[in-house]
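One structure is given here, and the rest of the page talks about it.
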There are 2 protein chains.
Amino acid sequence: MNALVWPQQVTIREVGLRDGLQSIARTLPTGHKLQWIQGAYEAGIREIEVGSFVPPKLLPQLADTATLVAFAQTLPGLCVSVLVPNLKGAERAMDSGADWMLLPLSASHAHSLANLRKTPDQVVAEIADLVDARRARGSAIRIEVGISTAFGCTLQGRVEPGEVLCLVQAVLELGVDRVGLADTVGYADPRQVGELFARVRAVAGDQLACGHFHDTRGLGLANVMAALQTGETRFDACLAGIGGCPHAPGASGNVASEDLAYLFASMGVATGIDVAKLLALRAQVAQWLAGECLHGSIAQAGLPRTLHTPEVMA
Amino acid sequence: MNALVWPQQVTIREVGLRDGLQSIARTLPTGHKLQWIQGAYEAGIREIEVGSFVPPKLLPQLADTATLVAFAQTLPGLCVSVLVPNLKGAERAMDSGADWMLLPLSASHAHSLANLRKTPDQVVAEIADLVDARRARGSAIRIEVGISTAFGCTLQGRVEPGEVLCLVQAVLELGVDRVGLADTVGYADPRQVGELFARVRAVAGDQLACGHFHDTRGLGLANVMAALQTGETRFDACLAGIGGCPHAPGASGNVASEDLAYLFASMGVATGIDVAKLLALRAQVAQWLAGECLHGSIAQAGLPRTLHTPEVMA
């Protein structure tokens with residue numbers, strides 16, 4: 001087996017303010033969220049999903065999303081994303097000045113019906129309406145569709161790769177800008193990740209532009225590596241690995257941003273992130289979230305002495 | 001980048017009874033250790049490092065190693081290993097009837113001097129004496145040298161790959177049967193693992209026969225994957241991820257056997273292990289070690305519904 005070629009550079013998108021905080025009952029004050037965005041920016045992060053335009057009654061934790069977008073847009077070169085669940089949310093996203101709206105589309109029929117009372121095809125039809133709405137407004141906002149439960153589902157079990165491919169093709173034909181693949185429940189394994197990313201890349205090309213992995217069963221970073229090897233260069237992550245599943249108490253949530261940043265730094269793959277600064281921010285966020293179930297290895301073990309010594313093979 | 005070819009079959013060697021228990025202050029009663037060996041065997045594990053022939057004064061936790069070897073040798077097809085630190089230990093290992101003796105050889109001068117007050121070259125000279133002693137006795141015991149701190153060292157920092165290669169060549173020329181590479185302190189990253197395993201395999205061939213990874217900084221399974229991709233098919237692991245470093249409280253220890261078994265099962269790589277049975281044993285061991293810092297993701301999250309549905313791409 002041959003030596004592998006790694007990308008020179010990858011992007012970590014911080015999604016803790018959305019995917020992380022929506023799974024935590026308490027509402028983090030807006031002031032703390034602004035500090036989080038500022039701190040992530042100062043640590044070198046250049047893409048942040050700051051919140052979601054869901055009805056505040058459903059997720060009061062994310063009710064200040066418009067304020068966060070407005071602040072984030074004052075930081076030069078920061079790419080600001082928001083999750084959007086429907087047409088009304090899309091209108092608010094376009095009003096807000098966000099750069100990207102992220103639309104979830106579950107590949108599992110059971111998950112889609114349970115969460116949204118809609119089949120995946122019905123959600124695709126809604127995405128068509130959102131693309132139309134963007135065109136009607138002449139908005140410059142860009143659209144990324146995240147295919148959730150792409151690697152399996154706690155309700156349905158197996159999800160067919162063919163279904164994922166069909167959904168990807170359908171939304172790209174509608175005119176969305178890019179797609180990502182999400183292991184929403186932590187079912188993916190590295191082999192499956194490598195195979196599905198390769199298959200989707202064959203139809204989506206560079207429009208396949210995000211891997212979103214959970215570390216529920218400990219395979220988060222191994223799955224990132226598998227996607228990286230297919231050429232994927234953008235990954236979602238949550239500071240302190242928040243975003244766990246309520247059905248698995250104590251189980252890990254999203255891949256931890258600081259662990260992912262450390263992984264890439266250790267390999268000499270550029271992220272633009274200062275891992276030590278990110279760890280300082282993590283310590284601050286951990287104080288704000290005291291009592292919540294946090295995760296991540298590097299925060300406990302500390303950076304190795306060798307991190308800043310590039311491992312050039314002699 | 002091309003689709004990867006995975007090995008059909010790999011071996012997990014359970015080393016919790018040695019590398020794990022030696023880092024825990026309490027002494028697990030011999031009866032529990034026998035149940036652990038029996039349970040691991042029933043779960044399908046066929047290689048176990050049952051203990052170490054170090055002076056009982058130094059590691060009273062492992063003083064019953066001879067008893068454990070005798071019991072383990074009653075289990076058909078079980079390959080029984082013991083760690084051996086010196087000639088006296090080697091004599092006891094040969095007396096015991098163990099199949100393999102595992103000899104540690106630190107590639108870090110600083111680590112070697114701090115632990116053994118000997119340079120790596122002096123340890124190589126001792127290994128020569130052990131090989132001679134085996135020949136003198138006509139013993140059938142086999143010898144594996146584990147190159148510890150092969151990926152870096154908390155004391156010394158960087159460890160040169162060239163040093164590792166020299167040590168591997170030296171011990172193979174002495175007539176040891178095989179070698180392994182150990183990330184003793186959790187400094188390795190996947191790129192480094194892939195490169196060093198490839199370089200060592202170029203000189204050692206199939207005599208490079210073990211990857212020993214710690215999960216201290218969360219990269220344990222990613223590093224296993226990187227070694228697997230170079231053709232490595234034997235990995236050490238500790239049930240419940242015990243074997244942490246006393247200098248990093250709360251940090252993970254060895255790769256957890258049950259997580260590693262789950263990783264391979266999820267990928268369809270055969271280990272012969274029944275993961276559910278291994279998880280039941282882990283629950284038992286966790287009871288015995290109540291109060292100790294245990295690790296592992298799959299024990300908390302549970303097996304996915306899809307595990308027994310092979311992921312054949314449609």
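Every number in this text was worked out from the coordinates using simple rules, so none of it is lab data. This one's a predicted model, so the numbers in the text were calculated from it and none came from an experiment. No Cβ is skipped: glycine too gets one built from the backbone with ideal geometry, and neighbour counts run over all protein chains shown.
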Kindly put A:GLU160, B:GLU292 in sequence by how many other C-beta atoms sit within 10 Å of each C-beta, fewest to most.
A:GLU160, B:GLU292
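Roughly how crowded by other chains is peptide A:294-300, in terms of the mean Cβ count from those chains within 10 Å of each of its Cβ atoms?
For this peptide, the per-residue mean of nearby foreign Cβ atoms is 5.
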Cα-Cα P(r), segment A:87-235, percent of pairs per 5 Å interval:
2, 10, 20, 22, 20, 14, 8, 3, 0
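Please rank A:SER52, B:SER112, fewest neighbouring Cβ atoms within 10 Å first, as an exposure proxy. Don't skip to the answer; put the middle values down first.
Working: A:SER52 27, B:SER112 24.
Fewest to most other Cβ atoms nearby, the residues stand as B:SER112, A:SER52.
Packing-wise, with mean Cβ within 10 Å as the measure, how do B:148-158, B:122-132 rank, highest first? Could you put the intermediate results ahead of the total?
Details: B:148-158: 23.1, B:122-132: 17.3.
Output ranking for B:148-158, B:122-132: B:148-158, B:122-132.
Dividing the alpha-carbon Rg of chain B by 2.2 N^0.38 Å yields what? Intermediate results must be reported in sequence, preceding the final value.
On the way: Rg = 18.4 Å, N = 314, 2.2 N^0.38 = 19.6 Å.
Taking N as the residue count of chain B, the ratio is 0.94.
What are the semi-axes of the equivalent ellipsoid of the protein assembly as shown, taken as the square roots of 5 times the eigenvalues of the Cα gyration tensor, listed largest first and rounded to whole Å? Before the final figure, lay out each step's value.
Values: eigenvalues 436, 110, 97 Å².
So the equivalent ellipsoid measures 47, 24, 22 Å along its semi-axes.
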Inter-chain shielding metric for A:207-219, i.e. average beta-carbon neighbours from other chains within 10 angstrom, reads 4
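Averaging the inverse of every distinct alpha carbon separation and then flipping it gives the Kirkwood radius. What is it for segment B:41-141, in angstrom units?
Working: mean 1/r = 0.0697 Å⁻¹.
Hydrodynamic radius (Kirkwood, Cα only) of segment B:41-141 equals 14.4 Å.
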Over chain B, what is the percentage of antiparallel beta bridges among all DSSP beta bridges, to the nearest 5?
5 percent
For label points placed 7 Å from Cα toward Cβ, what is the shortest-first list of nm distances from A:THR233 to its copies?
3.6
When the helix-only estimate is applied to the protein assembly as shown (DSSP H runs of n ≥ 4, each -39,500 (n - 2.57), divided by the residue count), what is the mean residue ellipticity at 222 nm, nearest 500 deg cm²/dmol?
-12000 deg cm²/dmol
Inter-copy distances for A:HIS32, nm, shortest first, label points 7 Å along Cα→Cβ, are 3.9
In the A-onto-B rotation, chain A's nearest residue to the axis by C-beta, with distance in whole Å, turns out to be A:ALA222, 2
Segment A:121-178 to segment A:82-113: how many Å between their Cα centroids?
10 Å
For B:ASP206, inter-copy label-point distances (7 Å, Cα→Cβ), nm, shortest first, read 4.5
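What is the average number of partner chain Cβ atoms found within 10 Å of a Cβ in A:159-169? Mind showing how you got there, number by number?
Details: counts 2, 2, 4, 2, 1, 0, 1, 0, 0, 0, 0.
Mean number of neighbouring Cβ atoms from other chains: 1.
How would you rank B:ARG217, B:ARG178, going from fewest to most other Cβ atoms within 10 Å of each one's own Cβ?
Working: B:ARG217 30, B:ARG178 20.
Ordered from fewest to most neighbouring Cβ atoms within 10 Å, B:ARG217, B:ARG178 come out as B:ARG178, B:ARG217.
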